[in-house]
Amino acid sequence: MKKTPLYDNHLALNGKMIEFGGWLLPVEYTGILEEHRQVREAAGLFDVSHMGEILVRGRDAGAFLQELLTNDLSKAPDSKVIYSPMCYENGGVVDDLLVYKYADDHYLLVVNAANTDKDFAWIKDHLSGHVEAVNVSDAWAQLAIQGPNAEKILQEVTDFPLSDIRFYSFIPEVTVCGVQAMVSRTGYTGEDGFELYLPADKAPKVWESLLELGRAMGLVPVGLGARDTLRFEAALPLYGHELSAEITPLEAGLGAFVKLDKDSFIGKDALLNQHNQGLKRRLAGFEMVGRGIPRSGYDIADNGSRIGFVTSGSYSPSLGKNLGLAMMDSRYCQPGTEFDVIIRNKAVRAKVIEIPFYRKKYRK
């Protein structure tokens, strides 16, 4: 089992450790509901050092990534972050990832922890032109600070004007707590916030400094449990749930990140065909009408016939409702449509509602 550079810090904070994607990580410290609300109302600090980082460099790096990914990188300026699925030939998803563009010949791919080795093998197998790919995951630690007070707290430990960092942009070198870090502004919670990429051995110092300084402004450590409920309320996809080798990005509602007008990319023919034929199933959000919490994998039915399955489900701390995301027959995806979720062999009524469930107006 792998451990992040902050493993001992989590134990010192009485973090409840679980296995996730081959890593030992904190699922909670004081409680998922409390940590969730603290991020929505103040700020939370996350250890996301388990995420993978793959460096792609060389004269043909840009052209290579254009072929590898569904999104269009050709017009992206330097210091921009681009979200994109990476697909198989059949349109299924290898992974969804973030691309940090340093320059036309220099990119950093941030991939999901459990997929790092698989992604790196896929990338190496498809290398073409003057390009090199290096898995640099072990050298990096990654912290995320999220919530309405995130900028104010982080500004206390850096001289760089954080308000200059636009949404989905990054600055390659920023001094944070006396440590050189790459700082971006993306997030996975539905709130404003920043990511700090720094040398693995420097992570404990920055983690401790931020928690100590930010305590007065409501900053708390947050585990995987609240990370999941926060991203779920914002209807942000989680690989293995809303995306997989069997679920295409079009079905997952990510058509904005699939540029079918590009010359070519891996999976284009399959996705173009799916687009032209019309989606037989797609992702929809729903609210439980009857009592019960929907969980990933539960069947969805209409008059006893299976019409889909739950991809993610939870009690929503922000909205006080039992909500779910489902991959289901497109005919049932209109808001207001009712169906049954099969919870412990019992049909419980639910209805389609619009997603995201939670929408925050924050600075972009």
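Being in a loop (DSSP other than H, G, I, E, B) and either on the phi > 0 side of the Ramachandran plot or over 20 Å from the mean Cα position of the chain (by Cα) (or both) is the filter here, so list the residues in region 300-353 that pass it. Result: ASN303, GLY304, LEU319, GLY320, CYS333, GLN334, PRO335, GLY336, THR337, ARG344, ASN345. If the condition is being crowded, with 19+ Cβ neighbours inside 10 Å and in a loop (DSSP other than H, G, I, E, B), then region 239-252 contributes HIS241, GLU242, THR248, PRO249, LEU250, GLU251, ALA252. The number of residues in region 173-195 that are under 23 Å from LEU97 (Cα atoms) and either part of a loop (DSSP other than H, G, I, E, B) or charged (D, E, K, R) (or both) comes to 10. Being in a strand (DSSP E or B), of a type in the set (Val, Ile, Thr) and in contact (Cβ under 8 Å) with a residue 40 or more places away in the chain, is that true of even one residue in region 264-282? Checked region 264-282: no residue is in a strand (DSSP E or B), of a type in the set (Val, Ile, Thr) and in contact (Cβ under 8 Å) with a residue 40 or more places away in the chain.
Here is a yes/no grid of residues against (1) at pLDDT 95 or above; (2) of a type outside the set (Gly, Ala, Ser); (3) out of contact with any strand residue (DSSP E or B) (no Cβ under 8 Å at 6 or more places or on another chain):
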position	(1), (2), (3)
MET17	yes, yes, no
GLY22	no, no, no
LEU33	yes, yes, yes
GLY44	yes, no, no
SER49	yes, no, no
ASP60	yes, yes, yes
GLU67	yes, yes, yes
ASP78	yes, yes, no
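ALA103: aliphatic (A, V, I, L, M) and either in contact with a His (Cβ under 8 Å, 6 or more places away or on another chain) or more than 13 Å from VAL56 (Cα to Cα) (or both), yes or no? When the stated conditions are applied, ALA103 does not pass them.
The residue that is surrounded by the fewest Cβ atoms within 10 Å (Cβ to Cβ), counting only those in region 179-205 that are farther than 26 Å from PRO77 by Cβ and out of contact with any helix residue (DSSP H, G or I) (no Cβ under 8 Å at 6 or more places or on another chain), is ASP201. Restricting attention to region 123-140, the residues that are buried (at least 17 other Cβ atoms within 10 Å of the Cβ) and within 21 Å of the chain's Cα centre (by Cα) add up to 4. The single residue among ASP201, ASP159, ASP192 that is under 21 Å from the mean Cα position of the chain (by Cα), modelled with pLDDT of 95 or more and of a type in the set (D, E, K, R) turns out to be ASP192. Assigned to a loop (DSSP other than H, G, I, E, B) and modelled with pLDDT of 95 or more: does that describe TYR358? So TYR358 passes the test. Within region 1-50, the only residue that satisfies the criterion of being touching a Phe, Trp or Tyr at 6+ places or on another chain (Cβ under 7 Å) and within 23 Å of LEU319 (Cβ to Cβ) is GLU35.
For region 206-223, which residues satisfy the criterion of being buried (at least 23 other Cβ atoms within 10 Å of the Cβ) and either of a type in the set (A, V, I, L, M, F, W, C) or not assigned by TED's automatic domain parsing to the domain that holds LEU33 (or both)? Selection gives TRP207, LEU210, LEU219, VAL222.
A search for C-beta distances below 7 Å between a residue of region 22-35 that is closer than 12 Å to PRO221 by Cα and in contact (Cβ under 8 Å) with a residue 60 or more places away in the chain and any residue that is surrounded by fewer than 17 Cβ atoms within 10 Å (Cβ to Cβ) and among the polar types (S, T, N, Q), counting only pairs 6+ apart in sequence or on different chains, returns TYR29/ASN14.
Given the criteria over 23 Å from SER49 (Cβ atoms), in contact (Cβ under 8 Å) with a residue 40 or more places away in the chain and outside the structural domain of LEU154 (by TED's automatic domain parsing), does LEU250 qualify? Against the criterion (over 23 Å from SER49 (Cβ atoms), in contact (Cβ under 8 Å) with a residue 40 or more places away in the chain and outside the structural domain of LEU154 (by TED's automatic domain parsing)), LEU250 qualifies. Given the structure, is PHE170 touching a residue at least 60 places away in the same chain (Cβ under 8 Å) and either part of a strand (DSSP E or B) or more than 20 Å from LEU69 (Cβ to Cβ) (or both)? The answer is yes for PHE170.
A search for C-beta distances below 7 Å between a residue of region 86-109 that is farther than 11 Å from TYR239 by Cβ and any residue that is assigned to a strand (DSSP E or B) and of a type in the set (Lys, Arg), counting only pairs 6+ apart in sequence or on different chains, returns LYS101/LYS80; ASP105/ARG57; HIS106/ARG57; TYR107/LYS101. Would you confirm, using the coordinates I've provided, whether SER169 is within 23 Å of ARG40 (Cα to Cα), over 21 Å from the mean Cα position of the chain (by Cα) and of a type in the set (Gly, Ala, Ser)? Considered against the rule, which asks whether it is within 23 Å of ARG40 (Cα to Cα), over 21 Å from the mean Cα position of the chain (by Cα) and of a type in the set (Gly, Ala, Ser), SER169 comes out as no.
The values are calculated or read from the model by the stated rules, or taken from the named source; none is laboratory data. Everything numeric here is computed off the predicted structure, so don't read it as measured data. Virtual Cβ from ideal backbone geometry, glycine too; neighbours counted across all protein chains shown.
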